[in-house]
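Encoded as structure tokens, the structure appears first; notes follow it.
The values are calculated or read from the model by the stated rules, or taken from the named source; none is laboratory data. Since we're looking at a predicted model, the values are computed, not measured. FYI the Cβ positions are ideal-geometry reconstructions off the backbone, even for glycines, and counts take in every protein chain you see. Accessible surface areas use protein heavy atoms only, side chains included; no ligands, DNA or RNA. Shrake-Rupley method; radii C 1.70, N 1.55, O 1.52, S 1.80 Å.
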Amino acid sequence: MPRPHTKKPKLCLDKSSGRAFFLIDGKKTYCGRYGTQEAQDTYDRLIGEWIGAGRVVAAPAPET
């Protein structure tokens with residue numbers, strides 16, 4: 001039986017740098033120093049934007 005996935009990515013610690021990050025589609029997004037309110041606020045904002053976009057990573061804008 002496959003392991004159930006959570007509905008939102010977990011905030012993790014990058015031990016080598018001490019920064020907080022989460023993974024979406026295999027891409028690390030850093031939020032600041034782990035354990036700080038700044039990291040938690042950044043995480044909440046970015047996850048809110050991701051959920052608001054329908055859980056899809058926005059494609060980068062084309063360069064002109």
Exercise. Using a 1.4 Å probe over the heavy atoms of the protein chains, calculate the carbon and sulfur portion of the accessible area of the stretch 12-53 as a whole percent.
Key: 50
Quiz item: Taking amide hydrogens as modeled 1.01 Å from N in the peptide plane, which residues meet the under 5 Å criterion relative to Arg19, leaving out close sequence neighbours?
Solution: Asp14, Tyr34
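Based on the mean of other beta carbon atoms within 10 Å per residue, what is the order of 50-56, 33-39, most packed first? Show your work: numbers first, answer last.
Working: 50-56: 10.4, 33-39: 13.4.
So the order, starting with the most tightly packed, is 33-39, 50-56.
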